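Since the structure comes first, as structure tokens, the remarks are kept for the end.
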Amino acid sequence: MKFRNWLTAASAVCAYVALAAGPLHSDPLKVGFIYVGPTGDFGWTYEHDQGRLAVEEAYGDAVQTSYVESVPEGADAERVLTQMALSGHKLIFTTSFGYMDPTINVAAKFPDVRFEHATGYKRADNVSTYSARFYEGRAVIGHIAGRMTKTNKIGYIASYPIPEVIRGINSAYIHARKVNPDVEFKIVWVFTWFDPAKEADAASTLIEQGVDVIMQHTDSPAAMTIAEEKGIHAFGQASDMKQFGPNARLSSIIDNWAPYYVARTGAMMDGTWESVDTWHGINEGMVEIGEFSDQIPAEVQTEAQAISDAIVAGNYHPFTGPLNKQDGSAWLSEGETADDGVMLGMNFYVEGIEGSIPQ
Amino acid sequence: MDLSSINPLLLIATMIAASMPIFFAAIGELVAEKSGVLNLGVEGMMIIGAVCGFVAAVETGSPIAGVFAAMLAGAALSLLFGLLTQLLHANQVATGLALTLFGLGLSALIGQSYAGIKPPSFPQIGFGTLSELPVIGALLFGYDALVYASAVLVVAVWWFLGRSRGGLALRAVGENQDAAHALGYRVVAIRMGAIVFGGACAGVGGAYLSLLRVPQWTEGATAGAGWIALALVVFSSWKPFRVVLGAFLFGGVTLLQLNLQAVGAEINPVYLSMAPYLVTIVALAAISGTGRGAHLGAPGSLGKPFHASG
């Protein structure tokens, strides 16, 4: 596998060199992006790249953006980032959780370069972090899933056991169970962000086990394709994914990074950039709920919309007590809501979910 | 945990389907390596096969046409490799790596406007009442045409390499290129044939991925399957039937661990995920330990450049 990683990095560097060799005129601000998957994944990376294009659109010739796609998390990312910093990029977005340590390491070597790391928790004077409150979206689709399932079994394709993914599972489960006490979650960990064949296998396996609604926390639309083929339901993840499952898709959680990327690039240009921690949700528009499918009954659509509206208005928090942890110990008392610190480090299931989180 | 909710027949059938892409790619690479050529571009040839097969199937409405297009596309890319390494004497390792990079990029370009399109579904072979037999029906008569083609292919490759004159020549070229040349075999021509065969097989493996396993086109869809196929050739110690076993093991373990997770077995998935690689190491250690094959069965001239003046 090492060989393959090396190769991917080599390809990444080649792609990068090709991009960096553009014409130099009046010193535009060079903004770099590194992606964990291909820009054509129609999921996570696709949306980040839409954000990059929005930056180009907003500032025209004043910026020059470049990206390196399919960069493995870990040491390869460090090489790519170093290369980017050396070639004059002043602002670099690192768009996957696994780039956290590489970003911090490279940032320490290049104090003049500003970094923005997505979904992590380590910051420095020249490293900001940003993420979206995907769990708010999970609350809405969890509710829909709980109402729509007929077998009372919901499948969940999880990537890596990190807090962000666990938070999503908990939020979806809490809201599915609230409307359907018999609901059961079948969770499969695939240990990859992007591997269409494996994601499809996971979906098929879940369907064989009687699941009739699938949620995913991986990047490709493979599970949506399988859901469409087998006649069950699924939700778009990161992108809308409607074209992959016109009948299967119920709704989607869409990541909209464009306003943030445009704002941060703007801050670089007028010299107001500073290290911040941004965590935006439905209210700020970083998380969008995709259009509801006609297959969802009107009353369920109204309920789901109400949850979304309440979150936007600040009247409702998806993690509101009383809630217990999986082992039955008390977590949140009646009316208490989870604070950001606990949510960022979430490493436990809530009561009712079966199975254990792989260590 | 309720293991009884896993249907063993269904599991075996899906494991076979999961092993097909790497099987096709590996059996092709095996023939190329037997002739002494190390082509590391399997991943690139697979993904070109995947995208060309997909595009052809969508445009013509015929998945069979897609498979043939994938075969041609894989063969065409491998021909490029053959020209560079056999006629222009480029380094095989570097050329193979470049082929993978080229294939990944070119496939993204070709597939750009094909995202979200559904390919025509693959016809099932009708065995009539045979497929309704209990157990045997599901186990033997429930697959797509390519699974049966793969069975024919492995027997054909085994026969060709071990029992035919042409196969003997191919192996001679792979074991000792200078001796084969001295005997009058046309080393470059034989190798070109083996390379193109390897490319065509890798193309079919790719098409299996984009037309059958995940009927869609996504950039980077092979996600490393080509590299697993390369490992598989070593695992099989260059023996065709062991490729079948290895493909089943490598492809099947993933499915097995997903199934175990779905029924709630408390086994950490990372252990099962690394199982095929552990087995490869154990198998290699066992083979080299017997003393029979100190070189693990690798062809003697594998990866060496050949020039007739040499």
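Worth pointing out:
- Ordering B:227-236, B:126-135, B:196-205 by mean Cβ neighbour count within 10 Å, with the highest value first, yields B:196-205, B:227-236, B:126-135.
- Cα-based convex hull volume of the protein assembly as shown per residue, rounded to whole Å³: 174
- Within straight-line cross-link reach of A:K30, aspartates and glutamates at Cα separation under 19 Å, skipping those fewer than 8 residues along the same chain: A:D49, A:E56, A:E57, A:D61, A:E69, A:E78, A:D112, A:E116, A:D270, A:E274
- Backbone amide hydrogens, once placed in the peptide plane, bring B:A298 within less than 5 Å of nothing, excluding anything fewer than 5 places away on its chain.
- Links that overshoot a 28 Å alpha carbon limit, given the list A:K90/A:K198; B:K239/B:K304; A:K198/A:K230; A:K198/B:K118: A:K90/A:K198
- Inter-chain Cβ neighbour average for residues B:220-232, partner chain, 10 Å: 5
- Rounded to the nearest 100, the interface formed by chains A and B buries 3100 square angstrom of accessible surface, both chains summed, with a 1.4 Å probe.
- Per-residue mean of C-beta atoms belonging to partner chains within 10 Å, peptide A:184-190: 4
- The mean number of Cβ atoms from other chains found within 10 Å of a Cβ in peptide B:259-268 is 6, as a whole number.
- Counting only protein heavy atoms and a 1.4 Å probe, chain B has 41 square angstrom of accessible area per residue.
- Protein heavy-atom surface of the protein assembly as shown, 1.4 angstrom probe: 60% of the accessible area is carbon and sulfur, with nucleic acids and ligands not counted.
- The heavy atoms of A:Y46 present about 70 square angstrom of accessible area, all protein chains included, probe 1.4 Å.
- GNM result for chain A, Cα springs below 10 Å: residue of A:K30, A:K153, A:K109 fluctuating most strongly: A:K109
- Most mobile listed residue (B:A75, B:A169, B:A286) in chain B, GNM with C-alpha springs under 10 Å: B:A286
- Near A:Q301, once Lys and Arg are set to +1 and Asp and Glu to -1 for all other residues with Cβ below 13 Å from its Cβ, the sum equals -4.
- Within a Gaussian network of chain A (alpha carbon springs, distance under 10 Å), most fluctuating of A:G43, A:G335, A:G155: A:G335
- Peptides B:32-42, A:271-281 ordered by average Cβ neighbours within 10 Å, highest first: B:32-42, A:271-281
- Anisotropy class of the stretch A:40-174 from Cα gyration tensor, a/c 1.5 cut: prolate
- Along the stretch B:78-87 the Karplus relation, 6.51 cos²θ - 1.76 cosθ + 1.60 evaluated at θ = phi - 60°, assigns HN-Hα couplings of 5, 5, 4, 4, x, 4, 5, 8, 8, 8 Hz to successive residues, with x for each Gly and Pro.
- Beta-bridge orientation, chain A: approximately 15 percent antiparallel, per DSSP, counting only bridges with both partners inside.
- Within the stretch B:78-102, the residues that become at least 40 Å² less accessible when every protein chain is included than when their own chain is isolated (1.4 Å probe; DNA, RNA and ligands ignored) are B:L97, B:L101.
- Distance violations [Cα-Cα > 18 Å] among A:K150/A:K186; A:K153/A:K242; A:K153/A:K325: A:K153/A:K242; A:K153/A:K325
- Global form of the stretch A:28-101, assessed from the alpha-carbon gyration tensor, a/c cut-off 1.5: oblate
The values are calculated or read from the model by the stated rules, or taken from the named source; none is laboratory data. Being a predicted model, the structure only gives us computed values, none of them experimental. Glycine gets a Cβ as well: all are built from the backbone with ideal geometry, and neighbour counts include every protein chain shown. Calculation scope for accessible area: heavy atoms of the full protein, side chains included, ligands and nucleic acids excluded. Shrake-Rupley method; radii C 1.70, N 1.55, O 1.52, S 1.80 Å.
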